[in-house]
Amino acid sequence: MGLTEQRVVMDLITGLSSNLTLNPGYWIDPKSNNAYFVVAQYPEQALIRFEDFLNTPLVGAQVEQPSVTSAVTPLGRGSSMAFQQTPFPERPTLPRVGQDNNAPVLLRDLVDVTRRTGPETVDHYNLQRTMDVLVNVPGNDLGRVAHRIEQALATLELPKDVALILKGEVDAMRAAFKGFSGVLPLAMVLIYLVMVGLFRSYLDPFIIMFAVPLGFIGVIWMLLLTNTSVNVESLIGTLMMIGIVVANSVLLVDFANRMIREGMKPEQAVIVAGRLRIRPILMTALATILGLAPMALGIGEGSEANMPLARAVIGGLGISTFMTLLFVPVLHVMACRRLASSE
């Protein structure tokens, strides 16, 4: 009938989903110079039953198309061979069948259709065949749902060539947690090294860094009280809290060291430092807490995405500010006494 498998497939795709992907056509408006797609497609209302799909006419080459014979002489003694080549027609026409050679070729004349059950789509990941199961987590946190799914999947017995992998947002979340597990300790180490160079001492930065665990206590309490999960936003808020808590401790310890160098006793120095530096410490903490309060309460459109960050900072500062004014001076006095006794 002058048809090929490629020609049949192209006609079917054109009829069902237009020729936009196979052979797109354009029309340029001479007035606006805007290009518009010109496509050919069967109207959807014409394809109601499956029988209508089988009545699709097919466009092919003419059966009477003459062939071209070419001769090739390979290396050897006078031997030759010939092959036939049918050129692609410039103007394809509908093949004709039937007694009067006027009926077009329909899809039903070429194919036998049977109904079977199979996958709608075939997905691959890294060239491997996959079967995706999509899960949403409304009203619950992603980590908890992923843990429950893993517990349920652990009871399944799978063939040797089948593997279960959690991808999507779960994979991104766990990669972020893995990164933060190294970022938090690294941030504390870098802060300690910077303060060692500024204070020219290994002990004073160590005392200042004791305020960071106090901030962690506040972060954990706030997340538990507000029923907020540990996520990327809350971890970023924890990093912000570390910087503010360390800055408050630096103000207190640096002023106390200055008083000690002027001849004041360590007990009196920390009291004077606490009395004179309590105002800037409270101002910094209150300004941060009040500024993040609307975000922590979820006021405003889209603020719920940043609620864990604000709550982590507020909880960490709320506890560490008061504990810093009490715990850091006591620890500083104990360190000064130990140094004096060792000398």
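Every number in this text was worked out from the coordinates using simple rules, so none of it is lab data. Small disclaimer: the values here were computed from a predicted structure and weren't measured. Reconstructed Cβ throughout: ideal geometry from the backbone, glycine too, with neighbour counts over all protein chains shown.
Cα-based values for the stretch 180-342, radius of gyration first and Dmax second, are 16.9, 60 Å.
With the simple model of a label 7 Å out from the Cα in the direction of the Cβ, L239 to E169 spans 2.1 nm. Given q = 0.14, 0.25 Å⁻¹, what are the Debye log10 I(q)/I(0) values for the stretch 288-331, with equal point scatterers placed on the Cα positions and solvent ignored? So the normalised log intensities are -0.39, -0.77. Build a GNM of the chain with springs between Cα atoms under 10 Å apart, and of L142, L16, L276 the one that fluctuates most is L16. Between F177 and L203, residue separation times 0.36 nm minus the direct Cα-Cα distance comes to 6.2 nm.
Based on the Kirkwood approach, the hydrodynamic radius assigned to the stretch 161-250 is 15.0 Å, with every pair of different Cα atoms included.
Ordering S18, S249, S234, S229 by the number of other Cβ atoms within 10 Å of each residue's own Cβ, fewest first, gives S229, S18, S234, S249. For the chain, complete DSSP H runs whose alpha carbons reach 30 Å or more along their own long axis and whose mean Kyte-Doolittle score is 1.0 or higher are 169-199, 232-261, 266-297, 307-342.
The distance between label points at Q151 and T284 comes to 4.3 nm (points 7 Å beyond Cα on the Cα→Cβ vector).
The alpha carbon gyration tensor of the chain gives principal lengths a ≥ b ≥ c with a/c of 1.5 or higher and a/b greater than b/c, which makes the shape prolate.
Amide H contacts of T130 (H built 1.01 Å from N, in plane; Pro and chain starts excluded): D123, H124, Y125 sit under 5 Å, all sequence-distant by 5 or more or on other chains.
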